[in-house]
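Take a look at the structure below.
Read-outs: derived from the displayed coordinates by stated rules, not from any lab. Note that the structure is predicted; figures quoted are calculated from it, not measured. Cβ placement follows ideal geometry from the backbone for every residue including glycine, while neighbour counts extend to all protein chains displayed.
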Amino acid sequence: MAVAVAGEEIALFNVDGTVYAIGDICTHAEASLSEGDFYDNMVECPLHGSGFDVTTGKAMVLPAMGNSGKYAVKVEDGAIFVDPVPVTPRSTR
Ligand code: FES
């Protein structure tokens with residue numbers, strides 16, 4: 001799912017019960033990654049098919065080459081908290 005936190009567009013993914021947060025905007029041509037297919041730990045961009053590791057934000061499948069950004073997540077009493085300052089910043093290559 002996509003959320004906006006302090007102006008950051010962030011996509012949340014649940015991988016075997018652990019929540020991960022990466023930048024929602026594809027580093028290739030700015031499609032929304034939260035609208036892509038999601039399997040194992042990979043999300044596929046809905047526009048041109050780039051694959052991103054949702055645990056790191058790293059582009060794994062071309063044409064995207066940059067990291068979408070990774071954010072710290074904390075889950076407390078069923079509520080999800082995301083730090084809007086990226087652990088790993090977005091990059092285009
Ligand atoms: S916009 Fe994501 S692969 Fe092109």
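Restricting attention to the stretch 13-26 and to residues that are part of a loop (DSSP other than H, G, I, E, B) and either closer than 15 Å to THR92 by Cα or of a type outside the set (Asp, Glu) (or both), the residue that is farthest from the chain's Cα centre (by Cα) turns out to be GLY17.
Can you tell me which residue within the stretch 60-89, out of those that are in contact (Cβ under 8 Å) with a residue 60 or more places away in the chain and among the β-branched types (Val, Ile, Thr), is farthest from the ligand (Cβ to nearest atom)? Of everything passing the filter in the stretch 60-89, ILE80 is farthest from the ligand (Cβ to nearest atom). Of the residues making up the stretch 27-42, those that are assigned to a loop (DSSP other than H, G, I, E, B), within 13 Å of the ligand (Cβ to nearest atom) and either within 19 Å of PRO89 (Cβ to Cβ) or over 12 Å from the mean Cα position of the chain (by Cα) (or both) are THR27, HIS28, ALA29, GLU30.
Taking the criterion of being part of a loop (DSSP other than H, G, I, E, B), closer than 14 Å to THR92 by Cβ and either touching a residue at least 60 places away in the same chain (Cβ under 8 Å) or within 10 Å of the ligand (Cβ to nearest atom) (or both), the only residue of the stretch 46-59 that qualifies is SER50. Among the residues making up the stretch 1-47, those that are farther than 18 Å from ALA72 by Cβ and among the β-branched types (Val, Ile, Thr) are ILE25, THR27, VAL43.
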